[in-house]
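FYI, it's all coordinate maths here, none of it is from the lab. Note that this is a predicted model, so its numbers are computed, not measured. Backbone-built Cβ (ideal geometry, glycine too); neighbour counts: all protein chains shown.
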Amino acid sequence: NAGVTQTPKFQVLKTGQSMTLQCAQDMNHNSMYWYRQDPGMGLRLIYYSASEGTTDKGEVPNGYNVSRLNKREFSLRLESAAPSQTSVYFCASAIESTDTQYFGPGTRLTVL
Amino acid sequence: EDQVTQSPEALRLQEGESSSLNCSYTVSGLRGLFWYRQDPGKGPEFLFTLYSAGEEKEKERLKATLTKKESFLHITAPKPEDSATYLCAVQAWWDNAGNMLTFGGGTRLMVKP
């Protein structure tokens with residue numbers, strides 16, 4: 001039981017490049033989330049998926065898109081990366097949206 | 001708008017020196033208050049959920065308490081391995097945004113041997 005896994009662990013991009021961050025959970029959770037963590041800003045919600053087949057915007061969705069591929073997987077895409085998207089990205093999952101969220105190990109992204 | 005403020009930002013303790021971390025919050029109807037521990041370079045690790053004022057939960061040297069305006073994380077006789085950043089988050093009843101968590105900035109705890 002690996003919990004929540006994220007790939008890659010580290011990534012460096014140039015401005016304008018695109019990439020997809022992958023997240024998978026093996027806990028049979030219905031809800032999944034993407035957060036970013038920046039110094040002095042705390043963790044902020046980018047997008048979430050309350051259940052398979054649905055996605056919604058969180059607090060800071062601009063510049064990102066998501067796909068809930070199936071119940072296990074929830075990906076985050078940066079179409080045209082900007083330096084302001086340099087951050088640590090965390091994926092989380094919960095049994096239902098009202099339940100405790102469990103976090104993955106994070107992806108550290110640098111955009112030059 | 002939900003707000004969470006944690007204090008102090010950083011806390012240095014000697015091993016065995018007990019202390020408390022504070023989490024003050026404003027929320028339109030608290031559904032739950034969550035405490036997480038985060039080690040450097042890792043994701044937040046769930047510690048506790050508190051649902052109503054007066055509730056307390058314990059785990060090893062940690063004890064979390066909740067009032068209508070704040071929560072405390074009491075650390076009794078800490079050890080160096082308790083060094084980490086402790087995060088507090090609230091979840092509101094009214095929120096239809098996936099019951100999102102609003103996080104505080106965290107308290108970085110350092111325990112010296």
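The table below gives the values:
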quantity	calculated
Relative contact order of chain B, pairs being alpha-carbon contacts under 8 Å that are 6 or more residues apart, as %	37
Shielding of A:101-109 by partner chains, average beta-carbon count, 10 Å	4
Residue with peak Gaussian network fluctuation, chain A [Cα springs, cutoff 10 Å], from A:T20, A:T98, A:T86	A:T98
GluC sites (Glu not before Pro) restricted to region B:60-89 and DSSP loop, no more than 12 other C-beta within 10 Å	B:E60
Distance between region A:40-112 and region B:2-81 - C-alpha centres, whole angstrom	24
Rounded if a/c under 1.5, otherwise prolate or oblate - region B:32-113, Cα gyration tensor axes	oblate
Whether region A:1-46 is rounded, prolate or oblate, judged on the alpha carbon gyration tensor where a/c under 1.5 counts as rounded	oblate
Too-long pairs where the Cα-Cα distance tops 30 Å, listed order kept, from B:K57/B:K79; A:K9/B:K69; A:K14/A:K57; A:K71/B:K69; B:K57/B:K112	A:K9/B:K69; A:K71/B:K69
Overall form of region A:4-110 per C-alpha gyration tensor (a/c, 1.5; a/b vs b/c)	prolate
Where trypsin sites (Lys or Arg not before Pro) in DSSP loops with at most 16 other Cβ within 10 Å are excluded, longest remaining stretch of chain B	B:70-113
Beta bridges per DSSP with both ends in the protein assembly as shown, % antiparallel, nearest 5	90
